[in-house]
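The values are calculated or read from the model by the stated rules, or taken from the named source; none is laboratory data. These numbers come from a predicted model, not from an experiment. Cβ placement follows ideal geometry from the backbone for every residue including glycine, while neighbour counts extend to all protein chains displayed.
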Amino acid sequence: MRIATGTISHETNTFCAYPTTLDNFKYDRYAPHSVKTGYLSGKDFFDEFTGTKSVAGGFIEASKSLGFELVPTIWANATPGGVVARDAFDYLLSALLESLRKGGKVDGVLLGLHGGGYSEVYNDLEGKVLEEVRNVVGNKVPIVTTLDLHANVSQLMIEKAEALVGYDTYPHVDMHECALTAARILVSTVKGQVKPTSAIEKPPLIPPLQGQFTGRYPMNKVIELAHKIEQEKGVLNVTVSASFPMTDSPDTGVSLIVTTDNNMKLAEEKAKQLSDFVWNHRKDFIAAPTPIDEAVKEAMTSPGPVVLADLGDNPGGGGSTDGTALLEALMKAGAKQAVIAVIRDPEAVEKAIQAGVGNKVTMKIGGKTDKLHGEPVEATGYVRLISDGLFRNRGPMSTGVESRMGRTAVLDCAGVEVILTELRLQPVDLQLYRSVGIEPSERQTIVVKSNVHFRAAHSPIAKKIIEVDTPGVTGPNLKQYPYKKVKRPIFPLDDL
């Protein structure tokens, strides 16, 4: 059995001021020796992902345990950001389809899509990918794809794939398991053992990212019900796509998908049951973050480590990663034993390198990408360390995957350590700190530019976690964003 695999994966924040280009997918100019960072195929695919707790790693493991040949096309992904440029998507889609054609006859296709993609031409990036893949392989070859929990699922996606299998966790610590489930469904379909039949319900609801955290109410109860339904006879999979709220698209919003073995009536009934449950709890998804000054005061007077989540500037949701609100507040308050992970500022990194390790330097930090994340902050500090910014994740999320920050400098500003990077990166693994000589468990205050993913690694060391109401393009107050394409009325944009 031969199974093709691949992806064009992006979580698109349409409120970002900058586009996502082909370079964001294919190469990072700051990476040493022009290392391929988000575009892999052939042997590179297996070298990068074998043994990792990722979707691709799950597909590779499944090929061995289930006994099929995995045929890679391209594996292209970029850090979440603005709308995907037309030429970037055209190039990647052509490359995927050409590789699929050249790969020879396949019995099935196993994709690892995100579900929150949006390009200059296509509001439904994943729907377009699935449609074009279907055109190449024909209607008799089954297609199954994994989806991120933040997918905005379209009817086209449902129609062009036999099954859509989403993550169950946020933070996403089950990507590997999700991939194994998707592979099992595909192999069973190829063998004629099952006939996946899916129904989708989309209540008019966009939950803020904080409300999608599966470690607390109400999302934990939603997932609990989904798992209960999955245990019923004839049900193959239940996917709860809580949506990516920062994509202004007609498909943006919660999607509840139930896939059965050739039983549409059962699929529709169970999807409706899950949808009703979610809708009845709609108000419970709304978050109430803490004001900046109040959060900083609490962090400085509580037993540490205290984690301050910079909700407005999450690179994992398209944030610029150079927001300065918490840096400014911590410096003003005279905070000690504090660390900020991270501020992307290539200009500041270069100045730190020029100054040299152990030397003092005064510079303006952050606030250089747009006017949405705060103004540049002038800071004086000494350069404690310069790094290549490479480390491998050891925590529960994307275990074994290499992360890249580009050239990185640690600037100690009178007790506030700022990790300055050339690339945007969400702090989801404690190796980020340890790779630059910082032991996070020994710090009083840890600022993370993240909404929820940080919890997987930081919760075990944190005495307290405070979600902070900071400016930017990933904050929980959805009414602040200029939506134009979402279907209205929809909660909480409208009072339903």
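Checked against the criterion of being buried (at least 20 other Cβ atoms within 10 Å of the Cβ), among the β-branched types (Val, Ile, Thr) and assigned to a loop (DSSP other than H, G, I, E, B), the candidates 339, 418, 428 yield just one match: 428. Going through (1) more than 30 Å from residue 487 (Cα to Cα); (2) in contact (Cβ under 8 Å) with a residue 12 or more places away in the chain; (3) over 21 Å from the mean Cα position of the chain (by Cα) one by one, residue 87 falls short only on (1). Count of the range 382-416 residues, restricted to those that are over 23 Å from the mean Cα position of the chain (by Cα) and closer than 18 Å to residue 447 by Cα, is 8. Among the residues of the range 176-197, which ones are crowded, with 23+ Cβ neighbours inside 10 Å and small (Gly, Ala, Ser)? Across the range 176-197, the qualifying residues are 179, 182, 183.
For the range 434-447, indicate whether the set of residues that are touching a residue at least 24 places away in the same chain (Cβ under 8 Å), over 26 Å from residue 301 (Cβ atoms) and surrounded by 18 or more Cβ atoms within 10 Å (Cβ to Cβ) is non-empty. For the range 434-447, residues touching a residue at least 24 places away in the same chain (Cβ under 8 Å), over 26 Å from residue 301 (Cβ atoms) and surrounded by 18 or more Cβ atoms within 10 Å (Cβ to Cβ): present. Scanning the range 164-184 for residues that are within 23 Å of residue 106 (Cα to Cα), within 24 Å of the chain's Cα centre (by Cα) and in a strand (DSSP E or B) turns up at least one hit. When residue 215 is tested against (1) closer than 30 Å to residue 467 by Cα; (2) crowded, with 22+ Cβ neighbours inside 10 Å; (3) in contact with a Lys or Arg (Cβ under 7 Å, 6 or more places away or on another chain), only condition (2) is not met. Close contacts from the range 226-252, counting a first residue that is within 10 Å of residue 150 (Cα to Cα) and a second that is crowded, with 24+ Cβ neighbours inside 10 Å and of a type in the set (D, E, K, R), with Cβ to Cβ under 7 Å and a gap of 6+ residues or different chains, come to 244/11. Checking 323, 334, 318 one by one, the residue that is buried (at least 23 other Cβ atoms within 10 Å of the Cβ) and at positive phi is 318 and no other.
On inspection, residue 250 does not qualify as under 23 Å from residue 465 (Cα atoms) and either out of contact with any Cys (no Cβ under 9 Å at 6 or more places or on another chain) or basic (Lys, Arg) (or both). Looking across 247, 252, 259, one residue alone is part of a strand (DSSP E or B) and at negative phi. It is 259. Criterion applied to 162, 98 was being among the acidic types (Asp, Glu), touching a helix residue (DSSP H, G or I) at 6+ places or on another chain (Cβ under 7 Å) and modelled with pLDDT of 95 or more, and the one residue passing it is 162.
Residues in the range 103-149 that are in contact with a Lys or Arg (Cβ under 8 Å, 6 or more places away or on another chain), under 21 Å from residue 81 (Cβ atoms) and crowded, with 23+ Cβ neighbours inside 10 Å: 119, 127. Looking only at residues in the range 43-94 that are out of contact with any helix residue (DSSP H, G or I) (no Cβ under 9 Å at 6 or more places or on another chain) and in a helix (DSSP H, G or I), the one that is nearest to residue 188 (Cα to Cα) is 64. Considering (1) surrounded by fewer than 23 Cβ atoms within 10 Å (Cβ to Cβ); (2) touching a residue at least 24 places away in the same chain (Cβ under 8 Å); (3) under 20 Å from residue 3 (Cα atoms), the lone condition that residue 59 does not fulfil carries the number (1). Flag set for residue 163, criterion: surrounded by 24 or more Cβ atoms within 10 Å (Cβ to Cβ) and either in contact (Cβ under 8 Å) with a residue 24 or more places away in the chain or in the same structural domain as residue 278 (by TED's automatic domain parsing) (or both). Of the set (1) among the aliphatic types (A, V, I, L, M); (2) farther than 24 Å from residue 270 by Cβ; (3) crowded, with 21+ Cβ neighbours inside 10 Å; (4) without any contact (Cβ under 8 Å) to a residue 40 or more places away in the chain, all apply to residue 173 but (4).
I'm trying to understand the selection: among the residues of the range 453-465, which are surrounded by fewer than 24 Cβ atoms within 10 Å (Cβ to Cβ), touching a helix residue (DSSP H, G or I) at 6+ places or on another chain (Cβ under 8 Å) and either in a helix (DSSP H, G or I) or of a type outside the set (D, E, K, R) (or both)? Those that are surrounded by fewer than 24 Cβ atoms within 10 Å (Cβ to Cβ), touching a helix residue (DSSP H, G or I) at 6+ places or on another chain (Cβ under 8 Å) and either in a helix (DSSP H, G or I) or of a type outside the set (D, E, K, R) (or both): 461, 465.
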